[in-house]
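**Q** Can you keep this structure in mind? I'll have questions shortly.
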Amino acid sequence: MTYSELYHSSIEISNYFTANYKNASKIALLLPNSIDMIKIINALTISPLEIILINFHLTNQEIINQLNQIDPSLLITNNQHDIHTAEDFPYPIHNISDIINESKNSSSKVSNNHFPQKNDILVNVFTSGTTGTPKIVPLSYFNFQQNIIASNDRLKVEINDNWLITIPLFHLGGLSIIFRTIYNKSALTIIDKFIPDQIPSVIKQYQITQLSLVPSMLKLLIEYLKEPLSLRFILVGGAHCPKPLLLEAITYNLPIITTYGMTESCSQFATSTLEKVIQKPNSVGKPLKGNFVKINNKDANGIGDVLIKGPSIMNNYLNKPQINENSYFLTGDLGYLDEDQDLIVLQRRIDLIISGGENIYPVEVQNIMYNDNGIEEARVIGISNSKWGQIPIAFLKINSFFDYHKFQNMLKNNLASYKVPKKLFKVDMFPLTASGKLDINKLTNPNYYSQLEVIE
């Protein structure tokens, strides 16, 4: 699809909305990745309508619960979702194909004279809810514009850029690529489903130069990326990336760039460089231009709460009190700044384990575990304990090299006794959210891990 085709399609769809939904203020999208979804999104950016993005994988009741929080005028979906057959669904439903076809055939010649102000809300996004109930993040035109400018300053723009979208568009990691490439007048390629062994052929066929992945996607894809490809960089973020996975990618000469951000910051806040990832694989680099970070409530090692500030960060959650602390946003993450003032993010504060008054950082324990060749993946969490308050337990994906007694001795030789997990559970596949992040809600549910095999 050319930019000319996208422009004319967007004008037609925008005029259709203006003519048929004069009193509407918000339109919800419940759609899988597609060119048609990009048409709708772009049309809404030139309409006086706010976009609401809904996770395509939610149940009907979960969808209703989210829509009830924000009350859209219309829900746009497609035939793949069974919500069309839901009885007593409280919101008007339109099929995306019908809207696109009707907009082409419409006799309406409504002229769209919408010129958004910088603080007008462009998109409302629900957080992934990996650590609790999803919150609604309203992001403005200004937020996205400033994020794109700062991102370009760090990642640069080249004439042959072609960004492959593998992340769902209902997440900021996917949506931001659309806005970024349209702003830069560069190319993007979109696939509806992430199938690792098919990605290399897509990269070759379309000469992909940029790719965004969460760590779990990189882990699944890495064995297919060993041959030279056209990639300028692979942006890895969305969750903590295990050091062994980054080192493996580096040994294959993959152009990995680590990045840190969240829905509340238009996805990207701090980003490393190709050179720095090799030198410091645990770092996410410095904040993008115009953004600032500080660490509060530091412990003896300088680890504390990560606070961020910048023009791409939301003002506050919808229907929630102001969350900024002296114009800084409390991310809920723990981390520190190294001697070069590069940011190292360890984990969510909610994941911190406090056992007998001592802090246990799961990432530290996990990194030790990865020194064992028998460990393919590891996750450490804390559970309640009447004596110590909390104790650590671990979930392990193991292979044939795993030796329980050797593994335990390695932990005891490298970790203080209170940091050594008191129980090990065998996992064949870690539970993931729709965006490919670890589903911490499920992992920490006793009903889940009580069914797993204990390693002993």
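The values are calculated or read from the model by the stated rules, or taken from the named source; none is laboratory data. Nothing here was measured: the structure is a model prediction, and the numbers come from that model. Backbone-built Cβ (ideal geometry, glycine too); neighbour counts: all protein chains shown. Note: accessible area is taken over every heavy atom of the protein model, side chains too, but ligands, DNA and RNA are not part of it. Shrake-Rupley method; radii C 1.70, N 1.55, O 1.52, S 1.80 Å.
**Q** Report the charge-dipole magnitude of region 248-389 in Debye, nearest 20, computed about the Cα centre from +1 at each Lys and Arg Cβ and -1 at each Asp and Glu Cβ. Before the final figure, lay out the partial values.
**A** Values: 12 positive and 17 negative charges, 110 e Å.
Dipole of region 248-389, to the nearest 20 debye: 520 debye.
**Q** What are the trypsin sites (Lys or Arg not before Pro) within region 14-56 that DSSP puts in a loop, where the Cβ has at most 10 other Cβ atoms within 10 Å? Walk me through the intermediate numbers first.
**A** On the way: sites: LYS22, LYS26, LYS39; in loops: LYS22.
Those that pass, being in a loop and sparsely packed, are LYS22.
**Q** Here is a further query. Over the chain, what relative contact order in percent results from Cα pairs under 8 Å that are six or more residues apart? Please list the in-between numbers first.
**A** Working: 847 pairs, mean separation 47.3, N = 456.
Computed value for the chain: 10 percent relative contact order.
**Q** Once fully extended, how much extra length lies between ASP82 and LYS320, figured as 0.36 nm per residue of separation less the alpha-carbon to alpha-carbon distance? List each step's numbers first, then the result.
**A** Details: separation 238, 0.36 × 238 = 85.68 nm, distance 3.17 nm.
Full extension of this stretch gives 82.5 nm more.
**Q** Taking the dipole about the Cα centre of the chain, with the C-beta of Lys and Arg at +1 and of Asp and Glu at -1, give me whichever of PHE407, VAL454, PHE170 is farthest to the positive side.
**A** The residue sitting most towards the positive pole is PHE407.
**Q** If Lys and Arg each add +1 and Asp and Glu each add -1, what is the summed charge of the other residues whose beta carbon sits under 10 Å from the beta carbon of ARG154?
**A** Working: positive: LYS156, LYS286, LYS289; negative: ASP153.
Residues close to ARG154 contribute a combined charge of +2.
**Q** Hey, got the dipole for the chain? About the Cα centre, +1 on K and R Cβ, -1 on D and E Cβ, debye to the nearest 20?
**A** Roughly 720 debye for the chain.
**Q** Roll a 1.4 angstrom probe over the protein heavy atoms and tell me the percent of accessible area of region 366-435 that is carbon or sulfur. Mind showing how you got there, number by number?
**A** Working: 1670 of 3660 Å².
Looking at region 366-435 in its full context, I get 46 percent from C and S.
**Q** Next question, about the same structure. Divide by every residue of the chain the summed helix terms, -39500 (n - 2.57) for each DSSP H run of at least 4, and state the resulting mean residue ellipticity at 222 nm, rounded to the nearest 500 deg cm²/dmol.
**A** Numbers: 14 runs with 135 residues, N = 456.
Estimated from H runs of four or more residues: -8500 deg cm²/dmol.
**Q** Choose one of PHE292, MET369, MET314: the residue whose Cα lies farthest towards the positive end of the charge dipole of region 279-379 (beta-carbon charges +1 Lys, Arg; -1 Asp, Glu; about the Cα centre).
**A** With unit charges placed on the Cβ atoms, the residue in question is MET314.
**Q** Right, here's the next one. Taking the solvent-accessible surface of protein heavy atoms with a 1.4 Å probe, what is the per residue accessible area of the chain in Å²? The partial results should precede the final answer.
**A** Working: 21160 Å² over 456 residues.
Heavy-atom accessible area per residue stands at 46 Å².
**Q** Further question: What label, among [x] 138; [y] 154; [z] 164, belongs to volume of the Cα convex hull per residue in Å³ computed from the structure on display?
**A** Structure-derived value, by its label: [z].
**Q** Here is a further query. Just want the answer: with Cβ charges of +1 for Lys and Arg and -1 for Asp and Glu, which residue in LEU6, ALA19, ASN60 is farthest toward the dipole's positive end in region 1-70?
**A** ALA19
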